[in-house]
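Reading through the structure tokens given below for one structure.
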Amino acid sequence: MRKGLIIVLSVLITLAAAACSQGEKKTIKLAYVAWDSEIASTNVVKHVLETELGYEVELLQVDAGPMWAGVADGSADAMVAAWLPGTHASYLEQYGDRIEDLGPNLTGTKIGLAVPTYMDIDSIEDLADPDVAASIGGQIVGIEPGAGIMMATERAIEEYGLDGIQLLESSSSAMGKALMEAYEEQRPIVVTGWTPHWKFAKMDLKYLDDPLGIYGGEEAIHTMVRQGLADDKPDAYEFLDRFEWTADDMAAVMVEIYEGATPEEAAKNWVEANPDKVAAWVGK
């Protein structure tokens, strides 16, 4: 009888310990947009949080507006995809007082309209020429609606008087595919472009001059976290605060994904190839 009671108590203690352990599991939610650059950075951050800090990470793929809103209202813990000061200026104005900005994680970024170098145009103003507009099918190939670069391009169409051109809404991956197909056939095409992006490593491209300054100057990608994260998850907060890499680092992950690796595989490979940077991020 006593032996049976001991067994039952042992089982109960084991179950209680398991439940306690389950309750102590560390979780974190990262919001991101499905741009090649942000797929790369978010998956690297996810891999480090999981392998170095023991977190269970949930990725929330959303558009730019919901990404900012999610961090602001706490339904997401963080994002490493805020393009500032220009691209996401409207979102910063709307949500900035409810989000903590940890500063840039990558500097030297740029946005604008990009074309293959074989095209004989150099400025956005050239797109007002009816022959040029006709050669590109009367359209600029864009990405997801609501993205900062899409709002800037709508403004560019208006302010440069590009009446014969429409902005085509698609996605980052669809834009890249359309660009690659046109490039291989040496066809004229204009796309919304940003750096860093794998397309600049795979193709000879150039930005069109922007004399009106619609697309702004050099930008940086910032890390944003919800208010209170430093108190709730201090180790994750400290890592996110230290997270910083270069355009070449990001490009290496993006190109590997483009060549067939999954985002998880490419992130794992980069992390394993850069132990010193990762150690600095996690404070080792």
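Dipole magnitude of the range 200-284 about its Cα centre, charges +1 at Lys/Arg Cβ and -1 at Asp/Glu Cβ only, in debye to the nearest 20?
On the way: 8 positive and 19 negative charges, 26 e Å.
With only Lys, Arg, Asp and Glu charged at Cβ, the dipole is about 120 debye.
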* **Straight-distance crosslink candidates among lysines, where the alpha carbon sits under 29 Å from Lys177 and sequence neighbours closer than 8 are dropped** => Lys46, Lys110, Lys199, Lys202, Lys206, Lys268
* Structure fact -> For the range 60-218, the accessible surface attributable to carbon and sulfur atoms (probe 1.4 angstrom, ligands and nucleic acids excluded) amounts in percent to 46
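When DSSP assigns beta bridges and you keep just the ones with both residues in the chain, what percent turn out antiparallel, to the nearest 5?
Numbers: 20 of 32 bridges.
Bridges in the chain that DSSP calls antiparallel: roughly 60 percent.
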* To do: Rounded to whole Hz and in sequence order, give me ³J(HN,Hα) for the range 197-212 from the Karplus expression 6.51 cos²θ - 1.76 cosθ + 1.60, θ = phi - 60°, writing x for Gly and Pro.
  => 7, 4, 4, 6, 7, 9, 9, 7, 10, 9, 7, 6, 4, 10, x, 7
* Structure fact -> Note, the range 64-74: 3J(HN,Hα) by Karplus (6.51, -1.76, 1.60, θ = phi - 60°), whole Hz, Gly/Pro = x, goes 4, x, x, 4, 5, 4, x, 5, 5, 8, x
* **Fully extended contour minus Cα-Cα distance, from Glu185 to Asp231, at 0.36 nm per residue** => 11.1 nm
* Gyration tensor verdict on the chain (Cα atoms; rounded if a/c is under 1.5, prolate if a/b is larger than b/c, oblate otherwise) -> prolate
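With +1 assigned to the C-beta of every Lys and Arg and -1 to the C-beta of every Asp and Glu, and no other charges, what is the dipole magnitude of the chain about the Cα centre in debye, to the nearest 20? Write out the running numbers ahead of the final one.
Numbers: 20 positive and 48 negative charges, 354 e Å.
So the dipole magnitude of the chain works out to roughly 1700 debye.
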* Asked: For Thr223, which sequence-distant residues (separation of 5 or more, or a different chain) have an amide H within less than 5 Å of its own amide H, given hydrogens modelled in the peptide plane?
  -> Leu102, Gly103, Asn105
* Asked: Once amide H atoms are built 1.01 Å from N in the peptide plane, which residues 5 or more positions from Ser123, or in another chain, come under 5 Å H to H?
  -> Asp209
* First check a/c for the range 132-226, with a ≥ b ≥ c the square roots of the eigenvalues of its C-alpha gyration tensor; if it is under 1.5, answer rounded, and if not, answer prolate when a/b is larger than b/c or oblate otherwise. => oblate
* **Hz values of 3J(HN,Hα) by residue in the range 143-153 - Karplus curve (6.51, -1.76, 1.60), Gly and Pro given as x** => 10, 5, x, x, 5, x, 5, 6, 5, 5, 5
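Please state the relative contact order of the chain as a whole percent: Cα pairs under 8 Å, 6+ residues apart?
Numbers: 453 pairs, mean separation 78.4, N = 284.
Relative CO of the chain lands at 28 percent.
How about the range 245-284: which GluC sites (Glu not before Pro) there are in a DSSP loop, with at most 11 other Cβ atoms within 10 Å of their Cβ?
Working: sites: Glu256, Glu259, Glu264, Glu265, Glu272; in loops: Glu259.
Counting only loop positions with at most 11 other Cβ atoms within 10 Å, the GluC sites (Glu not before Pro) in the range 245-284 are Glu259.
The values are calculated or read from the model by the stated rules, or taken from the named source; none is laboratory data. Bear in mind the structure is a predicted one, so any value in this text is a computation, not a measurement. So basically every Cβ, Gly included, is an ideal-geometry build from the backbone, and we count neighbours across all protein chains shown. When the accessible area is computed, the model is the full protein with side chains, heavy atoms only, and any ligands, DNA or RNA have been set aside. Shrake-Rupley method; radii C 1.70, N 1.55, O 1.52, S 1.80 Å.
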